[in-house]
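Below is one structure, written out as structure tokens; comments come after it.
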Amino acid sequence: MTTELLFRDDAYLRTVTARVAAVHERGIELDRTIFYPQGGGQVGDTGELLRDDGERIRVIDTRKGEALDSVLHVLHPDTRRPGVGESLTLALDWERRYALMRLHTALHVLSCVVVAPVTGGNIAPDKGRLDFDIDMSLLDAPRIERETNALIARAIATETTWITDEELDARPELVKTMSVQPPRGAGRVRLLRIPGIDLQPCGGTHVANIGEIGAVRVLKIKSEGRRNRRVEIALAK
Ligand SMILES: [Zn+2]
């Protein structure tokens, strides 16, 4: 079972109707969804599923299923499960998701301020981080914050494009993240472009214009092992 991933084409959809396609122990699958499943360092979405009779079902997490593009909506354990074929109205916890979109896009900008291989990353609603393979002496928090915010202030519109697996193989320089290779097997890979700043494979949710990030603060920079230097940021407001 694959789910139509509406957030890929429009990350700003907050609500939509969908039908239950399968009910599993771990969660339910829908024929289409606006809920982003945990992946690429970004946490899964939360929100609600509204039944026709007005009952609300809490979605406490979203995870990938076993099949390509399948999505499991993890329900609060105390809720009555919907049945296959049932029509539901989906509603995201939008403030949480929008913070994730802003922070996620901020990490793309950060990855162009700190020029080094990315060894890991994570995006939660309150903070995001990237790990770099770089010497500590090259990381200066005030400079990183200033330069990241200067790029954000250029308020550039982001673009999503797709390339084939073969095109990506021919351009290995696009892949900055050593630990997370872009998903293969679908024949094509999604790219996020911030014109003049960044271009890299990414399946996550982003803001339409980097100006929406506002500004970021560097929370801390610390050493995480011999090759890892962790830069942690938060939205300034
Ligand atoms: Zn991204």
**Prompt:** In this structure, does residue 236 turn out to be within 23 Å of residue 45 (Cα to Cα), within 16 Å of the ligand (Cβ to nearest atom) and surrounded by fewer than 16 Cβ atoms within 10 Å (Cβ to Cβ)?
**Reply:** no
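For the structure I just gave you, tell me whether residue 215 is within 16 Å of the ligand (Cβ to nearest atom) and small (Gly, Ala, Ser).
Considered against the rule, which asks whether it is within 16 Å of the ligand (Cβ to nearest atom) and small (Gly, Ala, Ser), residue 215 comes out as no.
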**Request:** State whether the residues of region 70-80 include one that is farther than 26 Å from residue 130 by Cβ, within 15 Å of the chain's Cα centre (by Cα), touching a residue at least 12 places away in the same chain (Cβ under 8 Å) and open to solvent by 30 Å² or more (accessible area, probe 1.4 Å).
**Result:** no
**Boolean, residue 97 is open to solvent by less than 20 Å² (accessible area, probe 1.4 Å), among the basic types (Lys, Arg) and farther than 23 Å from residue 227 by Cα** = yes
**Item:** Positions within region 172-209 being within 16 Å of the chain's Cα centre (by Cα), away from the ligand (no atom under 12 Å from the Cβ) and either charged (D, E, K, R) or modelled with pLDDT of 70 or more (or both), in sequence order
**Value:** 189, 208, 209
**Listing of strands (runs of 3 or more DSSP E) fully contained in region 109-224 that carry 1 or more residues being open to solvent by less than 50 Å² (accessible area, probe 1.4 Å) and closer than 26 Å to residue 46 by Cα** = 118-123, 128-132, 188-194, 198-201, 216-223
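The values are calculated or read from the model by the stated rules, or taken from the named source; none is laboratory data. Values in this document were obtained by computation on a predicted structure and should not be read as measured data. Glycine gets a Cβ as well: all are built from the backbone with ideal geometry, and neighbour counts include every protein chain shown. Remember, those area values only see protein heavy atoms, side chains included, never the ligands or the DNA or RNA. Shrake-Rupley method; radii C 1.70, N 1.55, O 1.52, S 1.80 Å.
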